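K.L.:
Okay, handing you the structure first.
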Amino acid sequence: MNPFLTDDRTRLVYFGIPDPYTGKRPVFHLAGYGMGKQGVLLGTDPDGLEFPPIESLWSESARQIGATYRDTVISRREVDIEAQVFGDTMREFRQRREQWFKAWSPRATGHLACFTRYNGWRWLGVRNQGQASPNWGKDPSLIRAAYFDMSIVADDPLWHTFQEKFLWTNAAQTGQGVIKIRNASEYEAHPKFYMPGPGKYSIQDGANGPMVELPELADGETLAIDTHPQRPTARVFSTEGGSDFTSVQKKMRGKRFRNPMQPWTSTELKVSVTGGSDVSQVYSVSSPRFDSPW
């Protein structure tokens, strides 16, 4: 068996920003299996990896006893790490140091990825924040190594993993059925739906919710629905015309999906299509999110 799959250590890998000439993303194995292969190690006492910063919002009036809870804000995540850069020769050390810092930018995001045998891969989009602070008391050229205290920030503070994908097909040509959507994560999920024409689809709005009727599709068209409350969209793409996605949000007539998939649940949603065919289907995609990388 691949030793990577039998190693119980927590693996931490940084995928840097793309090289401007080759377009390839440099990879640095910082901890766990393969650590130090590219001449960079994760130092001791990293801070900010485990949980995001959370602040509760309250309202208080003059004669009120206590306070009224309103909501919770999850701010950007700030992570402090120590990067230990080393080489077998002075030239190799200098080269690896340059490669490491070229892989970071305050304007573009790389990805810090974590792997455990229990949870698999999870990753966080991160960018450089501020200057890296050298932490050495001797000329690094003499010892061919240097430690750097780095402050990095994640715009989206939650760890992501591979998308969950589910499918219902109208192979039996009954025009109705259920699509089972799993949300194995710590946060609500807002799935995206994709449906090919022809036909008029309807999808249930969450568990025990009403059916939401969607705009009718012609043959060769595909409807894409994003149910996230901050970016609710309905767009159609025509394969025959080769056109870009066109918004059909007005054809929804004010209808929208309001009930997300709850954490750690598996939900069966009713789906139907009229005027469809044996190739009619509903394809669902959702992105699990977590507080912690493990």
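Every read-out reported here was derived from the displayed coordinates using simple, explicitly stated rules and does not represent laboratory data. Computed from a predicted model, the values in this text were never measured in an experiment. Using ideal geometry, Cβ is built from the backbone for each residue, glycine included, and neighbour counts are taken over all protein chains shown.
K.L.:
Arrange the peptides 262-268, 282-288 so that the one whose residues have, on average, the most other Cβ atoms within 10 Å appears first. Kindly include the intermediate steps, with their values, before the conclusion.
P.N.:
Working: 262-268: 14.3, 282-288: 20.7.
For the peptides 262-268, 282-288, the packing ranking is 282-288, 262-268.
K.L.:
A further question follows. Which order do the peptides 272-281, 40-49 come out in when sorted by mean C-beta neighbours inside 10 angstrom, highest first?
P.N.:
On the way: 272-281: 17.4, 40-49: 15.9.
The peptides rank, most packed first, as 272-281, 40-49.
K.L.:
Could you sort out which of Lys37/Lys192; Lys37/Lys102; Lys37/Lys138; Lys102/Lys192; Lys165/Lys251 sit more than 29 Å apart by Cα distance in this structure? Please list the in-between numbers first.
P.N.:
Working: Lys37/Lys192 39 Å; Lys37/Lys102 17 Å; Lys37/Lys138 24 Å; Lys102/Lys192 35 Å; Lys165/Lys251 26 Å.
Pairs exceeding 29 Å: Lys37/Lys192; Lys102/Lys192.
K.L.:
Are there trypsin sites (Lys or Arg not before Pro) in region 1-54 that DSSP marks as loop and that have at most 10 other Cβ atoms within 10 Å, and which are they?
P.N.:
Those that pass, being in a loop and sparsely packed, are Lys24.
K.L.:
Using alpha-carbon pairs under 8 Å, 6+ residues apart, how would you state the relative contact order of region 1-63 in percent?
P.N.:
The value is 22 percent.
K.L.:
Something else now. Once the piece of chain linking Glu55 and Phe245 is laid out straight, how much longer is it, given 0.36 nm per residue of separation minus the C-alpha distance between them? Can you show the working numbers first?
P.N.:
Values: separation 190, 0.36 × 190 = 68.40 nm, distance 3.78 nm.
Stretched out fully, the Glu55 to Phe245 stretch lengthens by 64.6 nm.
K.L.:
So, one more: Using R₀ = 22 Å, calculate the FRET efficiency as 1/(1 + (r/R₀)^6) where r is the Cβ-Cβ separation of Asp71 and Arg258; round to 0.05.
P.N.:
The value I calculate is 0.85.
K.L.:
When only C-alpha pairs under 8 Å and at least 6 residues apart count, what is the relative contact order of the chain, in percent?
P.N.:
18
K.L.:
Full-extension gain between Arg107 and Thr222, please, as 0.36 nm times their residue separation minus the C-alpha to C-alpha distance.
P.N.:
38.0 nm
K.L.:
Once you have the Cα-Cα distance between Tyr118 and Ser133, take 0.36 nm times their residue separation minus that, and quote the gain in nm to one decimal.
P.N.:
2.0 nm
K.L.:
Then there's this: Which residues among region 196-214 fall inside the zone where the amide N is under 13 Å from a point 7 Å beyond the Cα of Lys270, along Cα→Cβ?
P.N.:
202-213
K.L.:
How high is the relative contact order of region 3-160, in percent, counting Cα pairs under 8 Å that sit 6 or more residues apart?
P.N.:
Relative contact order for region 3-160 comes out at 25 percent.
K.L.:
For the chain, what is the mean residue ellipticity at 222 nm derived from helices alone (per DSSP H run of n ≥ 4: -39500 (n - 2.57); sum divided by total residues; nearest 500 deg cm²/dmol)?
P.N.:
That calculation yields -2000 deg cm²/dmol at 222 nm.
K.L.:
Per the Kirkwood definition applied to all pairs of different Cα atoms, how many angstroms is the hydrodynamic radius of region 114-160? Please list the in-between numbers first.
P.N.:
Values: mean 1/r = 0.0747 Å⁻¹.
By the Kirkwood definition, the hydrodynamic radius is 13.4 Å.
K.L.:
With everything on Cα atoms, drop me the angle between helix 90-102 and the longest principal axis of the chain, reported from 0 to 90° to the nearest 10.
P.N.:
Tilt relative to the chain: about 30 degrees.
K.L.:
What does the charge count around Val85 come to, taking other residues whose C-beta lies under 10 Å from its C-beta (Lys +1, Arg +1, Asp -1, Glu -1)?
P.N.:
Details: positive: Arg94, Arg96, Arg97, Arg144; negative: Glu98.
Counting the neighbours of Val85, the net charge comes to +3.
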